1. Please name all residue pairs, on different chains or six or more residues apart, with Cβ atoms under 7 Å, provided the first residue is in the stretch B:287-306 and is closer than 19 Å to B:VAL138 by Cα and open to solvent by 10 Å² or more (accessible area, probe 1.4 Å) and the second residue is charged (D, E, K, R) and in a helix (DSSP H, G or I).
2. Within the set of pairs 6 or more residues apart or between chains, which connect a residue that is more than 29 Å from A:ASP121 (Cβ to Cβ) and open to solvent by less than 100 Å² (accessible area, probe 1.4 Å) inside the stretch A:53-76 to a residue that is assigned to a loop (DSSP other than H, G, I, E, B) and not acidic (Asp, Glu) with Cβ atoms less than 8 Å apart?
3. Taking the stated definitions as given, is B:ALA22 under 26 Å from C:GLY178 (Cα atoms), within 13 Å of chain C (Cβ to nearest Cβ) and open to solvent by less than 40 Å² (accessible area, probe 1.4 Å)?
4. Please pick out the residue among C:ILE148, C:ILE168 that is crowded, with 20+ Cβ neighbours inside 10 Å and under 17 Å from C:LEU87 (Cα atoms).
5. Filter the stretch B:526-536 down to the residues that are free of Cβ contacts under 8 Å to residues at least 40 places away in the same chain and open to solvent by 10 Å² or more (accessible area, probe 1.4 Å), then identify the one that is nearest to the other protein chains (Cβ to nearest Cβ).
6. Residues that are under 30 Å from C:LYS162 (Cα atoms) and more than 21 Å from the chain's Cα centre (by Cα): find the helices (runs of 4 or more DSSP H) completely inside the stretch B:16-132 holding 2 or more of those.
7. Has the stretch C:77-92 got any residue that is in contact with a helix residue (DSSP H, G or I) (Cβ under 9 Å, 6 or more places away or on another chain), open to solvent by 10 Å² or more (accessible area, probe 1.4 Å) and part of a loop (DSSP other than H, G, I, E, B)?
8. Filter the stretch A:111-131 for residues that are facing chain C (nearest Cβ under 9 Å), outside any strand (DSSP E or B) and not aliphatic (A, V, I, L, M) and give the result.
Amino acid sequence: MAVKVLRRRDLTVWEKLYIPQIASGLKVTTAHLLRNLLLHSAHRLGLLQNRRAAVTFQYPEELRPLAPRFRSRHRLTVRDDGTPRCVGCMLCETVCPAHCITIVAGEHPDPNVEKYPVRFDIDLGVCVYCGYCVEVCPEDAIRMDTGILDVAAYSRDAMKLDIHELMNPSLRKPLTACMLEFPHECRLAGGEVSTRDHQRRN
Amino acid sequence: MNLTALEPQALEIIKRYDEPRAAMLPLLWLVQTNVGHIPSEAECWVGGLLGVALSHVREVVSFYSMFRTREAGRHELRVCTSLPCMLRGAGDVLAQIEERLHIRPRETTPDGELTLTEVECLCACEIAPAGQLDEQFVGPLDRTTIDAIESDAVAPYTGSARIDEAHPFVSTDGPVISTRFRNTGGTWWDAYIADGGYVAARKALSSMTSSQIVDEVSKANLRGLGGAGFPTGRKWSFIPKASLKPRYLVVNADEGEPGTFKDRYILERDPHALLEGMIIAAYAIGSHKAYVYIRGEYFRPAERFARAVAEAYERGWLGKNIQGRGFDLDVVIHRGAGAYICGEETALLTSIEGGKGFPKLKPPFPAISGLFQCPTIVNNVETLACVPFILREGADRFAALGTPKQGGTRLFSLCGRVNRPGLYEAPVGITLRELIDRHAQGVRRGHTLKAVIPGGISAKVLTAEEIDVAMDFDSLQAAGTMAGSGGVIVMDDSASMIEALQSAAKFFAHESCGQCSPCREGTGWIHRIMRRIARGEGRLHDLDDLLAIARAMEGKTICVFADAAAWPVQSYITKFRAEFEEHITTRRGAETTHVDEARACPP
Amino acid sequence: MPTLTIDGRQIDSPDGSTVIQAAETLGIFIPRYCYHPGLSIAGNCRICLIEVEKNPKLQIACNTPVADGMVVHTSSVKADEGRRAVLEFLLANHPLDCPVCDQSGECDLQNFYMNFGLYDPRFREQKIKKKKAVAVGPHVMLDQERCILCSRCVRFTDEISKTGEFGIFNRGDRAEVGLYPGQQLDNPYSGNVVDICPVGALTDRDFRFKARVWYLSSAPTVCNGCAQGCNVDVHYVLDRPHLNDGARILRVKPRYNADVNQWWMCDEGRYGFGWIDKGRLTKVRRQGAGATWEQAVAGITEELTKVGERDPERGTCLRLGVIASPQLTNEELFLIREIFQRALGARVTASVPMPAGNSDNFLIRADKNPNTHGAALIGLTDATAPDAAAIVAETLEGQLDALWVFGYDLTKLVADEDLQRLSRSLRLFVFSGTNDNPTAGCSHWALPTAAYLEKEGTFVNAHGRVQRIGRAFPPLSDSREDWRVLLEIAGRLNLGFAWRSPEEIFQALARSVTPFAGLTYERIGLHGASLMTDASVAEVAVT
């Protein structure tokens, strides 16, 4: 294979002088500065709202619009009766390349549903946000569409989500009250399965 | 309910059979006749008597439609909704009955008198729309009959029926089978003897060997008239000569093919003809025990045949050392309980053995290993009823009546939209057109012929242009259909092929035994698609799906029920595709066919 | 013997065999649901359809007897089409339960669809609804919708367990499998119907929802529930402690062995593995306090070296009693004989009284120990030898100064106070076993040992068959294999054994005990080997 020789254009005299280029660059930034000043002031006065000034998103007051397929924090979808749609098939746990999902299944009282997760944990510190769990789920039970990006925490432990947070994305740690009506492994009960209508593995 | 009181009868019944388990159906009938239904204690009682696990007793009870596990009314009205009756308005009739009695099928009137059930073919198509009140066939179910049923409901059959019996046309001139059919109350011993009865049997027992009889029957070109058309003589020759096991002759009187009602007339009007044929056949194959399987709904035919059997025993034509010729023969009458599939020969054998009507795997074939794993020959009623004629008048005479490959005459059951439904004896080579136009007097004035099913509901349909075909097995097979049981169902231009196919699909779905997967799932699938199309929710691709399902069912099952279920689907859709497409694209709901009684038959 | 050709390959198959069997000998797999080699032929699933030349219709391989010159194609276009059609019919009304069904991953509908199906389904109607999640017995769950009506369970309860619980009721596509209302599936072999059910209609209640099948690892071994020694596969999970409450074993399934248990096993053996992960001794204990193996071996050996020596105080020799167990492997019993009986002259027995359990004329033996026969052959249950009761009595009378109990709980023989007295009077009281019990509680040394699933070894069953047990996973926590402990002690006692593994111990055993002559682990293989004699104990040879 022949070697292609790239001929780079030599700098012009004007460019070699250096200072004119600095001025040219400053021209660009000054133009932006003045434009933004004008527009932001106009915004303050309520004018010219349709023109965007700085491209910076003033997070967290202003959120960057996310694509509908964007993979953010997970959530478990819910049926009408409050139980999760998840049937504990463990396909997501199996397909997860990072092994961050932990599921324990239990018996659902409705024989047409049969199975549901008594425990469903996702360790966000390990998760690689690949979205395979969403793709593989046969029940559309898990989605990564919450739009929640702020998953940072002060400890690794606090990054481990369990079924409470996953079913209710607005919950934040630490858990104070458990609103789930079905038997599940509850941190408030010391990690034991809550005894409400416990029918697990009779 | 006192079951111990029934024990003596039960033990007597068990003694009749070669294996105790075979007494299952008669014992269940014993319970139901005395108790009204089959409660759980009765199942335990029967299971205990026969040494059969409870689950298997329940299997049998749940399989047959006539067995009831719950209390029902004192009387039962069964309304037939198979194709021949639907063609003559059974749908409307059922609706009328429901309205008048204020109950739906499977429910009982509040006073506990009458239970209404919807059933598949009762094989009383000549009086369509037909029903059965307890043991009596009632039909056509017009306003008068329904009135009578509602008001009087019902003395159980005692011979003095409250409901008048209809008198459809029945051949009485023979030359082979119907010669004594004019005796509507049955042809009994003296009359039968006077007409040349038992001459053939005497000839067979005293001067012929087994092989001679088999040869004579083969020479006569007698073919199985139950539907398969297998040469009878050849079938008899399949019994292995060297086998030391007992041989059985089994008579298939489980007539069930919609459109057919011939065997019933033989049993009711000329039972000795069948019995004489049986004696000859048993002698020819070396059998000393014959089982006659009569369908559950045939109460009176079974009684009449039982009377003929009793007469024969009295006169020394059954039992030990018949007529001093050293030949023993016993006859056991076995009643079915409502399952079309028991008409399939190996399912019939399984049913006699005390099980559900599950066809057996072949190989081995019944002639080698059949009833109780012994060599068995199963023959149809009509086939055997021809045998005395063959031996008495000669095989050549019988053969000459028919075609070169199929001899004799047969009883054609004409039903549906003809002017004169009835039972017609004719040479097997008669054409379909002749049968319909000359014998059954054609279709109603103002209507044209649309389609004819020549051999019972399993046969592929023929269009009006195709009826110039001879009715023997080979001609009809060449024409792409089959002679089958000789049940001719006629449809005129007022009949909807969609409704016809829906009715056929319903029949097959209801009667599938469920043993093997293509048939069990396929029949149900086809039925559900047809219901959806009839409701007006069909799609054009449904037609191709139906054809594909039918094709997938063929040739993969234990018995030919699946093939029989596939043929109507294939032939109706192929030959009447435009009608199906039009129905689907215009999204019509199924039209209910109205039968105006005044105009149904000509004056 | 007829010769036929299947897929272009010739085979001689015995007269009376069927094409499906002949194909299997050739290694050709013909899909099947209702066919099971241990049950009668039903021929109702219709999926084993094959094309036989000169026959216009497809035939079912399970009921087509082989004939000389027959030419069979198992995957011609016609056969494939036929199979696909049958699959489509079977899946027509089958519920979409894969996510919740325990059979997922080992389901023949799934497998055959992937291998032989892959069609686009056409069924668009409402599927038939039947009963789901019905407990038909203490061990089996029924789902009628998933059933494909192959009738294997019906034939099993008719022909094998001979209890006739299952039936198929109704007709056509309303047909459903079930029991007589009010009856339960409670025969001693009920768990086998779960094995033979090709789909998830019959599932194990014990295993229900514990784990997905593809998480399981499998190890072949032999059940230790009774002297029949049914061959089994143990299914376990080690890397997901959140499942099954951390217990390693999830289920046990029978493994085919024509000579022992065919395809079956009893419920007691199938569900009796809970003790392997619960209630185990996990740490070495000395008088109730924690200790290390080093300390234990040292301490025990120190006392053992004094056995046979004259006790200056009493003037008699120190005597040792050993109560071995017929639950130990042949290798371990052999070591016990060599170390304790031969080298130390101890009073050794493996005859422990065990209440005879129920038995039947199928697989269940009254003797609930897996290796009584092995112990007899090795010479630890002689009529001339003492039994456990005698040894305990001798200990209580003061005739024995040291006692080592392998696994057996002495409170079955003596009262608690006597046990305490025994513990106080002995110089050395060792208990080694898998699970905790009162004897372990009052022994001087409690040694945690490995369960039979955690070690290699052999058992001899009641019929004189020696079979290998397999090691599925390492011993739990601090427990060690008995043979390893014994070898270490033997080493400290300078007995000069050169063996380092159960296999090597077995070699020595085979040289020493005549019925085992010539056998090696390799020859025993996965299906065992019949011992030479009918195992009369007197034939034990002395090296």
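1. Listed by first residue and then by second, the contacts come to B:ARG300/B:GLU268; B:ARG304/B:GLU268.
2. Cβ pairs passing all conditions: A:PHE57/A:LEU63; A:PHE57/A:ARG64.
3. Values: under 26 Å from C:GLY178 (Cα atoms): yes; within 13 Å of chain C (Cβ to nearest Cβ): no; open to solvent by less than 40 Å² (accessible area, probe 1.4 Å): yes.
In short, no.
4. On the way: C:ILE168 fails: under 17 Å from C:LEU87 (Cα atoms).
Within the list C:ILE148, C:ILE168, the selection yields C:ILE148.
5. At the first step, the residues of the stretch B:526-536 found to be free of Cβ contacts under 8 Å to residues at least 40 places away in the same chain are B:527-532.
Checking the rest, the ones that are also open to solvent by 10 Å² or more (accessible area, probe 1.4 Å) come to B:527-528, B:531-532.
Values: B:HIS527: 9, B:ARG528: 4, B:ARG531: 9, B:ARG532: 7 Å.
The qualifying residue nearest to the other protein chains (Cβ to nearest Cβ) is B:ARG528.
6. B:24-35, B:40-50, B:54-63
7. No, that holds for no residue.
8. Residues satisfying the conditions are A:PRO111, A:ASN112, A:GLU114.
The values are calculated or read from the model by the stated rules, or taken from the named source; none is laboratory data. Just so you know, these numbers come straight off a predicted model, no measurement behind them. Please note: Cβ atoms are built from the backbone with ideal geometry, for glycine as well, and neighbour counts cover all protein chains shown. We work out accessible area using only protein heavy atoms, side chains counted, and drop any ligands, DNA or RNA first. Shrake-Rupley method; radii C 1.70, N 1.55, O 1.52, S 1.80 Å.
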